Every structure is written in structure tokens, then in C-alpha cells.
Amino acid sequence: MQYAITSKGDAKSEAIKARMKQYLQEFDLVYDETTPEIVISVGGDGTFLEAFHRYKHRLKETAFIGIHTGHLGFYADWLPDEVEKLIIAIAKKPFEIVEYPLLDIKIHPEEDEDYQQFLALNEASIKSAEGTVVMDVLIKGAHFERFRGDGLCISTPSGSTAYNKALGGAIIHPSLNALQLTEMASINNRVFRTIGSPLILPNHHVCELKPLYHDRSFLITIDHETTTYDHIKSIECRVSDEKIRFARFRAFPFWKRVHDSFISDERG
Ligand code: NAP
């Protein structure tokens with residue numbers, strides 16, 4: 001079996017990477033950064049996002065594993081002192097696969113039929129460096145509201161514990177094929193009105209965002225990468241047909257991860 005390891009690059013992560021490479025070689029696993037069947041990310045959830053984007057072109061052939069060298073993470077849910085146990089599990093056991101939904105984003109420029117397509121593991125967020133974001137929000141082709149505010153965030157279920165949570169969004173279990181739209185400081189008064197609540201859409205509902213002023217530029221962040229776009233006609237978001245696959249060697253329920261990350265990681 002071929003595998004690759006991506007590391008945060010700090011001394012601790014690099015040491016774990018070196019140790020794992022040495023052990024996995026002894027179990028006849030082949031290190032291959034081009035066509036790995038297993039990708040092990042060593043660092044944090046941020047490092048995991050980078051690993052996902054590096055290998056997102058071969059999601060069907062790749063299973064991901066995350067080791068956290070800081071505190072416990074959502075994607076990086078193995079701890080450094082569990083590395084030996086993990087290596088033996090990778091080498092010996094056929095592993096179970098758990099799939100999580102992803103977000104599909106299409107950015108349509110003005111006066112052009114071509115669009116740019118992206119995949120997000122956590123979310124896409126839209127902001128502006130030129131003041132208030134003004135956008136029509138359409139759901140399944142029907143006008144829903146005219147949003148005015150700092151921006152909008154569209155997240156996946158596994159991304160719901162990240163930026164979405166800080167924006168007051170709900171935490172969604174990743175077994176649900178859904179996306180969530182959250183507002184950033186919407187303007188709400190007698191003149192301007194938005195729903196003011198996060199919206200959770202099922203996988204057959206497309207959410208379209210149409211800027212009112214086409215001369216504005218927008219800062220669109222897909223997971224950890226921000227790009228400035230000018231002359232956008234619309235941004236189309238839907239639950240992707242693709243999924244990320246995790247190699248699972250032990251039970252670690254999502255709600256336990258939520259509890260340990262946000263409530264307390266002490267037992268009892
Ligand atoms: P960063 O600003 O260096 O780190 C953002 C934090 O979000 C890190 O603590 C990271 O965990 C954590 N995180 C990432 N994915 C998560 C998830 N699915 N559930 C819970 N926590 C998660 O940025 P980065 O490392 O490049 O990561 C980009 C992500 O940052 C974005 O996708 C966005 O979700 C998040 N973000 C959050 C806020 C906010 O909460 N106010 C604002 C902007 C962006 P690790 O420490 O394990 O890497």
C-alpha cells in the first residue's frame with residue numbers, strides 16, 4: 001500500500017513524520033507523495049485542510065488520517081502518544097472508511113459562460129474590502145432575501161465546528177448531507193431585513209449569491225485560502241457529489257470530539 005505524510009513543518013510534527021516513515025517502511029508500506037492510498041496529516045486541523053487540498057483531485061482513491069501535535073482536533077484526532085498503535089493498525093488491519101460531505105462552489109464571472117469551481121472541506125466565506133456586502137440570496141432559484149452586512153459563510157457539516165460556530169451557526173453531524181449559511185453582522189432595521197438565523201439546506205437545494213453591485217471586489221475564502229474577485233455575477237453553493245474519506249481504526253464519535261474540544265477533555 002502507498003502512503004504519504006504531510007507535516008505542519010515544526011520540529012515535533014517532523015519528528016513524528018520521520019518516525020512513522022521508518023516504522024511503516026518496516027511493514028512494507030511504500031512512501032509515495034504522488035498517488036498515495038493513505039494520506040497522514042501531522043499537525044492540526046489547519047495542516048489537515050492543506051493535506052485535503054493537496055490531494056483533493058484523487059478523493060476516491062485516498063483515505064485520510066490526522067495526527068494532532070497540539071491539542072485535539074476535529075480532523076486531526078490521533079494524539080502523538082497513540083502513533084505506535086496507529087502504525088500497527090494501518091499495517092495490520094483492513095480499515096473502515098467514514099465519509100463526510102463537502103461543499104461545491106462555483107464562481108460565475110460577469111459576461112462569461114465559464115466559471116471557476118472549488119471544493120471546500122470547512123467552508124467558503126464571502127467578504128468585501130470595500131464596505132458592506134450586498135447580495136441577493138436565492139434558494140433553489142427563488143429569491144429569499146437581500147443580504148446587507150459584513151459577509152456570508154457557507155459551511156459543510158464538519159466545518160460547522162470552525163468559522164461557522166464562531167458566527168453562531170449550529171453544529172451539524174457530518175452524517176447529514178447538508179450545507180449551512182450563516183450571516184456576518186447583517187444590517188437589520190425597518191428598511192433592511194434578513195432572516196437573521198443560520199439556514200441549513202439539504203443536498204438538493206442550491207444556494208445562489210448574486211452581488212448587487214458588479215463593480216465591487218469580494219474576498220472569497222475557501223477553507224484557508226483567500227482570493228480577491230472582481231466582476232462576479234453569482235456564487236453557486238451546493239453539497240458536492242464528492243466526499244472526503246477517512247480511514248477509521250477506532251470509534252471516536254463526533255459528539256465526543258465536540259465535547260472534548262469545547263466542553264472539557266477530562267474524563268469523568
Ligand atoms: P487559523 O486562523 O490559523 O486557525 C483557525 C482555527 O480553526 C485553528 O484553531 C484550527 O485548528 C481550527 N479549525 C480548523 N478547522 C476546524 C474544524 N473543522 N473544526 C474546529 N476547528 C477547526 O486558520 P487555518 O489553520 O488556516 O484554518 C482555516 C480555518 O480557520 C477556516 O476554514 C475557518 O473555519 C477557520 N476560521 C475560524 C475563525 C473563527 O473561529 N473566528 C475565523 C476565521 C477562520 P488547529 O489549531 O487544529 O489547526
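The values are calculated or read from the model by the stated rules, or taken from the named source; none is laboratory data. Keep in mind the model is a prediction, meaning the values are calculated, not measured. Glycine gets a Cβ as well: all are built from the backbone with ideal geometry, and neighbour counts include every protein chain shown.
The table below lists the values:
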quantity: Count - residues of region 69-94 that are under 15 Å from Arg248 (Cβ atoms) and of a type in the set (Asp, Glu); calculated: 2
quantity: Given (1) surrounded by 14 or more Cβ atoms within 10 Å (Cβ to Cβ); (2) modelled with pLDDT of 95 or more; (3) within 15 Å of the chain's Cα centre (by Cα), number of the condition Ser175 does not satisfy; calculated: (1)
quantity: Residues (under 18 Å from Asp136 (Cβ atoms) and not hydrophobic (A, V, I, L, M, F, W, C)) located in region 180-196; calculated: Thr182, Glu183, Ser186, Asn188, Arg193, Thr194, Gly196
quantity: Out of Ala170, Ala185, Ala142, Ala162, sole residue that is in contact with a helix residue (DSSP H, G or I) (Cβ under 9 Å, 6 or more places away or on another chain), free of Cβ contacts under 8 Å to residues at least 40 places away in the same chain and either on the phi < 0 side of the Ramachandran plot or within 16 Å of the ligand (Cβ to nearest atom) (or both); calculated: Ala170
quantity: Subset of region 67-93 (residues that are of a type outside the set (Val, Ile, Thr), in a strand (DSSP E or B) and more than 9 Å from the ligand (Cβ to nearest atom)); calculated: Trp78
quantity: Scope region 188-212; condition surrounded by fewer than 14 Cβ atoms within 10 Å (Cβ to Cβ), on the phi < 0 side of the Ramachandran plot and assigned to a loop (DSSP other than H, G, I, E, B); matching residues; calculated: Asn189, Arg190, Val191, Ser197, His204, Leu212
quantity: Test for His53: is it within 13 Å of the ligand (Cβ to nearest atom), assigned to a helix (DSSP H, G or I) and surrounded by fewer than 22 Cβ atoms within 10 Å (Cβ to Cβ); calculated: yes
quantity: Enumeration of residues in region 30-50 that are in a loop (DSSP other than H, G, I, E, B) and either within 16 Å of the ligand (Cβ to nearest atom) or farther than 30 Å from Asp241 by Cβ (or both); calculated: Gly44
quantity: Subset of region 67-90 [free of Cβ contacts under 8 Å to residues at least 60 places away in the same chain and touching a Phe, Trp or Tyr at 6+ places or on another chain (Cβ under 6 Å)]; calculated: Ile67, Ala76
quantity: Residues of region 219-237 classified as among the hydrophobic types (A, V, I, L, M, F, W, C), within 16 Å of the ligand (Cβ to nearest atom) and either in a loop (DSSP other than H, G, I, E, B) or buried (at least 17 other Cβ atoms within 10 Å of the Cβ) (or both), total; calculated: 3
quantity: Residues located in region 238-250, provided they are buried (at least 16 other Cβ atoms within 10 Å of the Cβ) and assigned to a strand (DSSP E or B); calculated: Arg238, Val239, Ser240, Lys243, Ile244, Arg245, Phe246, Ala247
quantity: Residue in region 201-221 that is touching a His at 6+ places or on another chain (Cβ under 8 Å) and under 24 Å from Asp114 (Cα atoms) present; calculated: yes
quantity: Residue count for region 94-114, restricted to those that are within 26 Å of the chain's Cα centre (by Cα), under 18 Å from Lys210 (Cα atoms) and in a loop (DSSP other than H, G, I, E, B); calculated: 1
quantity: Candidate set: region 99-115, residues that are more than 15 Å from the ligand (Cβ to nearest atom) and either touching a Lys or Arg at 6+ places or on another chain (Cβ under 7 Å) or of a type in the set (Ser, Thr, Tyr) (or both); chosen: the one modelled with the lowest pLDDT; calculated: Glu110
